[in-house]
Every structure is written in structure tokens, then in C-alpha cells.
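Report on the following structure.
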Amino acid sequence: MATGEIPSDQGVVLPNETVLTWQAPPVKFGLGATRDVGYELRRLGVTKALVVTDPGLAALGLPARVSGMIEKEGIQTELYDGVHVEPTDVSVREALRALDGQEFDGYVGVGGGSAIDTAKAINLFKTHPADLMRYVNRPVGEGAAVPGPLRPLVAVPTTAGTGSECTPVCVVDILDLEVKSGISHAHLRPHLALVDPLNTLTMPAQVTAASGYDVLCHALESYTAVAYDRRPRWPSPADRPAYIGSNPISDVWCERALALVGGHLRRAVLNPSDLEARVAMSSAATFAGMGFGNAGVHIPHAVAYPIAGMVREYRPAGYAVRETMVPHGQSVVVTAPAALTFTYPTAPDRHLRAAELLGANLNGITPANGRDVLAATVVALIGDTGGPGGVADFGYGDADVPGLVEGTMKQQRLLACCPRPVGPEDLAAILRASMRLR
């Protein structure tokens, strides 16, 4: 019998996975939910909390107000506002140096994915000190397992995008290697997600759009990922990854997220004061986080890491950054149409259902003639919300494809979730098809 195969009660060998694992943090959602932050930290036994945020958000005053809410419950706070938009290995190490010698028994991430991911990293390395590359996923880092539980972390998202408030992952740009990677382990998942749509009202239109693209791709990639029971059985429960593949529980959350994105992303971008749309997009981000935080993502996210890591000149509108940067949602969405065309043959009905949830009219569409429907639906959504016109918008050309492919092939944790084998030639074709979307 091969490693990982077990006999069923009937004596039949089962080579594939049969156990579905699914996790999510407790969620408090609603207008004004931020006010509960102090109560929740006290309930978790926290006596001294570090509030983690970025300089732009700190200037708006929300993190200071959150600290005040916490202190009213008799909990000490310190504020770290040095988060780098799109965290890097350098910015994480700088945060740890700045906090050296200070001890906290709880953390609060206030901001988008950058702040929440940085809070996860600080919590990890303050609790289980090690070199940063010790926990970064292979083959970029050593991929060591997180050795034990972390301190309580409460996530207070201010964007409707990353879903980091629900996921067991933090993403870091490894500058010397010009590639993004991540740390992935169940212990990284926040202890509580406090989702208050009022905190998203100050997002510029460009940030709203890019964040929404991330939600869109989380839901699409999770929904089209290889099914958990079509992957080989893991040798032991400890070997099961955080991303198990598409599954019936994640599907429920992804379908709801897609319907919300299809109905509300355009509204949230074009009218920032549309509170109903803001609530819907906050819901979509959290729901998609619950989906992909267990099912996983595949090609668009894998390609996005080198797209962001290798950028030379691009500076996005709407972001208060001085250096070159591709916002995560933009880097993900530009290859989604070609990637989903590539995965279409593995589950035509599922791809068409996703398009329908986003608003596509399927009259006259069959699995035989519907290969381009989902891609066209995504391209239309990008265009209507002022998104990038393709990978070339970031300064890349055909000569950059080999390097982008090489960086993508390092993201095996994500590519393993693709519903069909994908190699360098496939990725090169997807990138070339994504240079110009419209």
C-alpha cells in the first residue's frame, strides 16, 4: 500500500483525501462594531495590547480612537504606525526592531491586509522568535511549522478586500528575491474579526476598486480550485495544508461573495458614499475570506506575487506611496480572465455559475460554447471600475515573461490548488494573453 493510502471499512484502498477541514474566526459584523474592541480584548484576557496600523490611517485618527476604546476597558495600549503598504521582509524586521524589549499579551490590526498581515507577523515573531525566512513558505523560505499558539489578535479591517481578518496567512514581499511569498499556518488566523463597514468609507475609489478585485479573485479562485477530495491523501493530519481545495462549505461563502461583488462593486467605486454598497462589499470580503482561507487560491494569486515583486516604475493612483508598487488586487485581477479560461475545461458548469453570480446572462450559453463568458464578465467589471488594462500597464513586456514565470513557479503552495496541472509554458501563455485585456 502506498504512503498515505488507507483501507476503508470495506477494505477498499482510498488514495485521495476524504476529510474536509474548515476553520474561521468568530466574526462581529455591523455598523459600529468597532466599539466592541475593548470588550472583546478584555474577554480574551488581554492586559496590554499593541495596535498595529499604517501612517496614512494613523493620520486619519481611527487607530487612536480604537486605542481609546480599548483603554476604557482598563487595558494598556501602545501604537505601532510604521506598517508598510504591501509588507516586505525589511518592513517586518524594522517593526520587530522597533518593538524589541516590549511585551504584549494581545494585538489589534487596524487597516487593510497590510496592517493585519503585519500584526500577524509581529505576533508570530514576538511569540516564537526566529529568522523571518524560517516560517516563509517553501521554496522561498524554510517553510517551518509555527510551533504553537499565538497571542490573541483582533482584526479590524478598513478595506473590503484581503479577507485577512479570516485567513491563516500573512503575505510578505521578499525584496532581494523580487518575489512575494507568505507564511501559512492555522495559528496565524485572528482570534476575532471585527468588521465595521463604516471604517471603509474613507477609501479612495482606486483603493475600493483594487480591494474589490482581491475579493473577486479570492472567490473565483477558491470556487474553481481543485476539489479537496481530488487531492492525494495527506500522510497525517499535521500535514494537511491550510488550503485544502474547493469544498462544499467554502463554496457557500464564495457564491454569496460573488453575488455581492457582481451587484455592488461598481456602486462602491462610483459612489463612495453608497453605504449599502459599502456594507455589501465588507460582507463580500469577509465571506470570500472564509472561503479562500480554507479552499485556497491558484494561478492569479501565484502570478501576482512576481508581478508585484518585480515592478520597476509603476505607481498607482489613490495610494499614498513614494516607491513603485502594484496594489495586490490589481496584480491579481489582470491574469484572472486568461487563468479562468485555462481552468474552464475542468468544470464548465462551475465557471458558468460564477459568471452568472457576477451578473452574466447565460441565455443560449452551454458548456460547449461558454468558455469565454467568465473571462469577459471579469474584464467588463474591471473596465467599469477603472481598473488596469493588463499586465503591460505595470511596465512589463514580452521580455519579462520568463522572469515572471520563474517567480510564479516558486508559488507551489498556490499552484497546487489549480484544478489542472500548470507548468511554465502554460503560465507564459497566460501572461502573454494578459498583457492587454481590452
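Observations on the structure shown:
- The combined condition, being open to solvent by less than 20 Å² (accessible area, probe 1.4 Å), outside any loop (DSSP other than H, G, I, E, B) and closer than 17 Å to Arg256 by Cα, is fulfilled by Leu374.
- Ala288 more than 20 Å from Leu177 (Cα to Cα) and surrounded by fewer than 24 Cβ atoms within 10 Å (Cβ to Cβ): no
- Val52 among the β-branched types (Val, Ile, Thr), modelled with pLDDT of 95 or more, surrounded by fewer than 20 Cβ atoms within 10 Å (Cβ to Cβ) and closer than 29 Å to Phe292 by Cα: no
- Within the stretch 158-191, tally of residues that are in a strand (DSSP E or B) and either more than 28 Å from Gly407 (Cβ to Cβ) or among the small types (Gly, Ala, Ser) (or both): 3
- Qualifying position, being part of a helix (DSSP H, G or I) and over 30 Å from Arg420 (Cβ atoms), among Arg267, Arg256, Arg312: Arg267
- Residues considered: Gly329, Gly309, Gly318. Of these, the only one that is in contact with a helix residue (DSSP H, G or I) (Cβ under 8 Å, 6 or more places away or on another chain) and farther than 17 Å from Asp173 by Cβ is Gly318.
- Candidates Val171, Val207 - the one that is open to solvent by 10 Å² or more (accessible area, probe 1.4 Å), farther than 20 Å from Val261 by Cβ and either touching a residue at least 40 places away in the same chain (Cβ under 8 Å) or not aromatic (Phe, Trp, Tyr) (or both): Val171
- Failed item, numbered, when Ala155 is tested on (1) open to solvent by less than 10 Å² (accessible area, probe 1.4 Å); (2) over 19 Å from the mean Cα position of the chain (by Cα): (2)
- Restricting attention to the stretch 344-364, the residues that are surrounded by fewer than 15 Cβ atoms within 10 Å (Cβ to Cβ) and within 15 Å of Leu216 (Cα to Cα) total 0.
- In the stretch 383-409, of all residues being β-branched (Val, Ile, Thr) and part of a helix (DSSP H, G or I), the one that is nearest to Ser181 (Cα to Cα) corresponds to Thr408.
- Qualifying residue in the stretch 223-230 (condition: more than 27 Å from Val378 (Cβ to Cβ), open to solvent by 10 Å² or more (accessible area, probe 1.4 Å) and not basic (Lys, Arg)): yes
- Long-range neighbours under 9 Å by Cβ, at least six apart or interchain, first residue assigned to a loop (DSSP other than H, G, I, E, B) within the stretch 319-348, second open to solvent by 20 Å² or more (accessible area, probe 1.4 Å) and of a type in the set (Lys, Arg): Val321/Arg315; Arg322/Arg315; Glu323/Arg315; Thr324/Arg312; Thr324/Arg315; Met325/Arg315
- Residue check, Val261 within 15 Å of the chain's Cα centre (by Cα), within 26 Å of Arg350 (Cβ to Cβ), open to solvent by less than 10 Å² (accessible area, probe 1.4 Å) and of a type in the set (Val, Ile, Thr): no
- Unmet criterion (only one of (1) open to solvent by less than 20 Å² (accessible area, probe 1.4 Å); (2) at pLDDT below 95) for Met1: (1)
- In the stretch 362-390, the residues that are of a type in the set (Ser, Thr, Tyr) form Cβ pairs under 6 Å with partners that are open to solvent by less than 30 Å² (accessible area, probe 1.4 Å) and at pLDDT 95 or above, at six or more places apart or across chains, as follows: Thr377/Ala355; Thr377/Leu358; Thr377/Ala360; Thr385/Ala209; Thr385/Val269.
- The one condition in (1) closer than 20 Å to Arg189 by Cα; (2) buried (at least 16 other Cβ atoms within 10 Å of the Cβ) that Ser91 fails to fulfil: (1)
- Answer from Gly163, Gly148, Gly141, Gly82 - the residue that is within 20 Å of Val195 (Cα to Cα) and either surrounded by fewer than 24 Cβ atoms within 10 Å (Cβ to Cβ) or touching a residue at least 24 places away in the same chain (Cβ under 8 Å) (or both): Gly163
- Any hit, the stretch 386-395, residues being hydrophobic (A, V, I, L, M, F, W, C), open to solvent by 10 Å² or more (accessible area, probe 1.4 Å) and over 28 Å from Val83 (Cα atoms): yes
- Subset of the stretch 350-371 that is in a helix (DSSP H, G or I) and touching a Phe, Trp or Tyr at 6+ places or on another chain (Cβ under 7 Å) - its residue that is farthest from Arg436 (Cα to Cα): Arg350
The values are calculated or read from the model by the stated rules, or taken from the named source; none is laboratory data. Since the structure is predicted, the reported quantities are computational estimates derived from the model, not experimental observations. Cβ coordinates were reconstructed from backbone atoms using ideal geometry, including for glycine residues, and neighbour counts include every protein chain displayed. In case anyone asks, the SASA skips ligands and DNA or RNA and just uses the protein heavy atoms, side chains included. Shrake-Rupley method; radii C 1.70, N 1.55, O 1.52, S 1.80 Å.
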